[in-house]
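Structure, as structure tokens:
The values are calculated or read from the model by the stated rules, or taken from the named source; none is laboratory data. Only a predicted model underlies this, so the values are computations on that prediction, with no experimental measurement involved. A quick note on method: Cβ atoms are made from the backbone with ideal geometry, for glycine too, and the neighbour counts reach across all protein chains shown.
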């Protein structure tokens, strides 16, 4: 429900033509506000488009004309904004740089930062008091500090707070999320009652950035020629050749679903653990062969209200689809933290991925920090897995009471050499 005093206020809402944003706009209007629909044109595919589809963006399921029709049905104003140049600069180019460097990048997180920057800008131009989207997350005001904070939605299965975890308080202070307090099943029921035809978008929590074939085409078009040379795929432990690939730009550390040329079959649990850019060779290993118990997060931004005087227990999430994991957080400096997991975990983390840090597991858990995964657990030269020192020792090192060095690289033994990444 809209709190007293907000009735009649203007709110700029990001529209995709999908169920969530449409129902969000409907709820805002029903609760007494004056929603204004806005759609951003972020990226136009190279393939030919039908008339009226010039505004197709990364998270849109409908054409500009169709979104206009949805807004007409709701009887709200609608604006289309061309932001393709900003999307290229702030998302596409960064994804390209990361992929060429052999690391991942979380496009949806940074795409959302761009969206909310544009929503704030558009709201000022239109004289609106609030911004809104159809995301499943909640914004609450801290009674003691008066500051706004992002927390998990009531519907944990549909919660999208991970995607919004990098938003600043300038985005949160005037943000309305009408779908936060209801379940997706209820949203779908409301959508049916509106009599609007929606195009099915598939799994709404999966990467909406670009279709893989279009993404590969974009990389091939913009990558340096030397990066596009074919190379070999080898088993990491013994160096046995498995197949050939069409260029190292197709791979990043931690990647699964590895594909080789000529339909050579690669086991489903294989992950990329090394990329040799000189030889253009890619090395893979089975997930079960890799373990970690620590990781380092850089570019860390924390909630100013969080007590950093001692280590704290937190819950970390590495992607929208993964479950949160319990760990201890140690502050190293202003933008770097070390995370120690309660148990050793089998698998490989994806270097460069966005990390969201919560203070709990369930609905209402607060985002207390976010950053970029830099490095994680390690093996020593003898091939024995090494875990982080005891929390007491780590605390001494991090808080300057004793000079202890933490090796945060991951080494997997191979016959020829040890490789660190």
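Miscellaneous remarks
- Any chance residue 159 is over 22 Å from residue 32 (Cα atoms) and surrounded by fewer than 21 Cβ atoms within 10 Å (Cβ to Cβ): no
- When the range 28-55 is filtered for residues that are buried (at least 22 other Cβ atoms within 10 Å of the Cβ) and at pLDDT 85 or above, the ones remaining, listed by number, are 28, 33, 35, 36, 37, 38, 39, 40.
- Residue 72 vs. criteria loosely packed, with under 14 Cβ neighbours inside 10 Å, modelled with pLDDT of 90 or more and assigned by TED's automatic domain parsing to the domain that holds residue 133: yes
- Residue list for the range 342-352, filter: in a strand (DSSP E or B) and closer than 23 Å to residue 270 by Cα: 343, 344, 345, 346
- Residue list for the range 115-132, filter: free of Cβ contacts under 8 Å to residues at least 24 places away in the same chain and within 19 Å of residue 8 (Cβ to Cβ): 124
- Lone qualifier among 128, 98 - being modelled with pLDDT of 90 or more and buried (at least 16 other Cβ atoms within 10 Å of the Cβ): 128
A quick yes/no check of all residues on (1) touching a strand residue (DSSP E or B) at 6+ places or on another chain (Cβ under 9 Å); (2) at pLDDT 85 or above; (3) not in a strand (DSSP E or B):
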residue: 262; (1), (2), (3): yes, yes, yes
residue: 267; (1), (2), (3): yes, yes, yes
residue: 278; (1), (2), (3): no, yes, yes
residue: 301; (1), (2), (3): yes, yes, no
residue: 314; (1), (2), (3): yes, yes, no
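- For the range 258-285, filtering for residues that are under 13 Å from residue 348 (Cβ atoms) and in the same structural domain as residue 245 (by TED's automatic domain parsing) leaves 7.
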